[in-house]
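Reviewing the structure listed below.
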Amino acid sequence: MMSGWSHEVVLAATIVSWVIIVSGLAQTAVYLMQLVLAGFALSQRPPVARSALLWHRYGDIAPPIALIVPAYNEELNIVESVHSMLALEYPNFEVIVVNDGSKDRTLQCLIDAFRLVKFQRPYEEALTHMPIRGLYSSPVTERLFVVDKENGGKADAQNAGINVCRAPVFCVIDGDSILEPDALMRATQPFVDDPERTIAVGGTIRIANGSRIESGRVTKVGLPSKLLPLFQVIEYLRAFLMARLAWSRINTLMLVSGAFGVFRRAEVVAVGGFTKGSMGEDLDLVIKLHRHMIDSGRKYRIQFIPEPVCWTEAPESLGVLARQRSRWQRGALECFFRYRSMLFNPRYGRVGFLGFGHIFVVDVLGPIAEVLGYILIPTFWLLGILSFEHLLAFTALVFTYGVCISVCSLILEEAELQKFPRARDLAVLTAAAVLENFGYRQINNLWRIKGYWQYLRADQSWGEMTRTGLSGTRK
């Protein structure tokens, strides 16, 4: 240490440093626990059944299901996505596209592609939403319905779809997403195997950039050619195959992605549907379901199963990705503080301690602790207030555990889904899993801090999400 610094300054810097390091250790402990639980869950799962066998087992008893597709300015992808949904291998389903007052040609693209005509269909007004301007059906296929409504946001559009649908189970999916043909059959298995307790099921979201898309299907899996979406491939592997599988194993899953989630309609209506205006409407709904079921004293399951895969387009520009991540952070903070009474509340058991504790450590404390660590620890060392050992401990914590978790997530993915058949792809992903910890992870935390600031300012702007269009994606 340099001379000249008072004992109080050195003590304060040491305390701040250890608070940052302990916070990082807490996050590391959470991620390691997730990794162990996910590995154990995968080891206990039966072999993945072929689609034909699934149809033989579940085809006659699978519940009717409605696919609800909120769409706002999705003219680039919406027709391709609807084609993929109509081609799904499932005995009894309908597709309900909710055009949420789009300013582009989303509705006209659907009218032209499927020769839509207006029709009348009685529906239950169980949830509130902005006025519906018209309902459309297609003479091309009886499975497709389109709801045209005034703009109210994604949650509002989803509530309108829930009202219009007649199936006991519904699936929410983004308008830019593409489901694998057997995704619905796989996602509804828990509703058939355990119909009394299962109220929600989530599946895997994968990055479609770089893959070949033909007629609404992924015909060849490839990797993005750009670095930014390549890093997101690793992120999604870590978020879905590790984190959500782990929490599902102990029934504390707090998030079923709004890009692809299946829910029992009665329970969603009972909690008031999706919260209008929420930045994290998918997280908000799952928290409400946990609270409702526990308060009612009912046994239930909210599950994640890795096999049903939904493909989506990842942002390829820093600006779009920054807006997305800031919005996600706002959504997490909004939900945490809205339901903060559940945190460490014995009434909510493992959901309050583990599920909410995870949100508290990773989403509330995590970004602030990491960014302060990036700034203060090197500064204290340069000023001679902290020893080189402190700097080394922080650096090892930040980078070593990040590389380890990312690579282990990739190993889990290859062991379970095996979506990357080429050894070259696995080598590229391994390199990306290492490189993302040197720059990308740090800027991601800065975006999350921006989301923190937006939340404190009550900024509810969604931000423009420019897309290139999946139909043009090629490897």
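The values are calculated or read from the model by the stated rules, or taken from the named source; none is laboratory data. Keep in mind it's a predicted model, so treat the numbers as computed, not measured. All Cβ positions, even for glycine, are placed from backbone atoms using ideal geometry, and neighbour counts span all protein chains on display. Protein only, heavy atoms only, side chains kept; ligands, DNA and RNA dropped before computing areas. Shrake-Rupley method; radii C 1.70, N 1.55, O 1.52, S 1.80 Å.
Subtracting the Cα-Cα distance of Glu8 and Phe353 from their residue separation scaled by 0.36 nm leaves 120.6 nm. When the accessible area of region 37-149 is computed with all protein chains present and a 1.4 Å probe, what percentage of it is carbon and sulfur? Its accessible area is 51 percent carbon and sulfur atoms. Placing pseudo-labels 7 Å out from each Cα toward the beta carbon at Val361 and Glu89 gives an inter-label distance of 4.0 nm. The residues of the chain have, on average, 41 Å² of accessible surface per residue, using a 1.4 Å probe with all protein chains present.
Once you reduce region 343-371 and region 131-155 to the center of their Cα atoms, the two points are 38 Å from each other.
Label positions at Ser215 and Gln44, each projected 7 Å from the Cα along the C-beta direction, are separated by 4.1 nm.
Scanning the chain for long hydrophobic helices, with DSSP H runs required to stretch 20 angstrom or more by C-alpha along their axis and to average at least 0.0 on the Kyte-Doolittle scale, returns 7-44, 366-382, 388-416. Please work out the Cα center distance from region 59-123 to region 7-27, rounded to the nearest Å. Computed from Cα coordinates, the inter-centre distance equals 53 Å. When you count the other C-beta atoms within 10 angstrom of each residue and take the mean per peptide, 443-453, 175-185, 219-229 line up highest first as 175-185, 443-453, 219-229.
When each of the peptides 330-343, 108-121 is scored by how many other beta carbons lie within 10 Å of its residues on average, the order from highest to lowest is 330-343, 108-121. Other residues within the sphere of radius under 12 Å centred on the Cβ of Gly261, judged by their own Cβ, net out at -1 (K and R +1, D and E -1). Estimate the FRET efficiency between Ile443 and Phe388 by the formula 1/(1 + (r/R0)^6), using the beta-carbon distance for r and 22 Å for R0, to the nearest 0.05. For Ile443 and Phe388, the calculated efficiency is 0.25.
Placing a label point 7 Å from the Cα of Asp60 along the Cα-to-Cβ direction, the residues of region 178-216 with a backbone N closer than 17 Å are 192-193.
Return the whole-Å distance between the Cα centroid of region 258-308 and the Cα centroid of region 196-239. First find each Cα centre; the distance between them is then 22 Å.
Can you give the helix-only mean residue ellipticity at 222 nm for the chain, where every DSSP H stretch with n ≥ 4 adds -39500 (n - 2.57) and the sum goes over all residues, rounded to the nearest 500 deg cm²/dmol?
Value at 222 nm, helices only: -14500 deg cm²/dmol.
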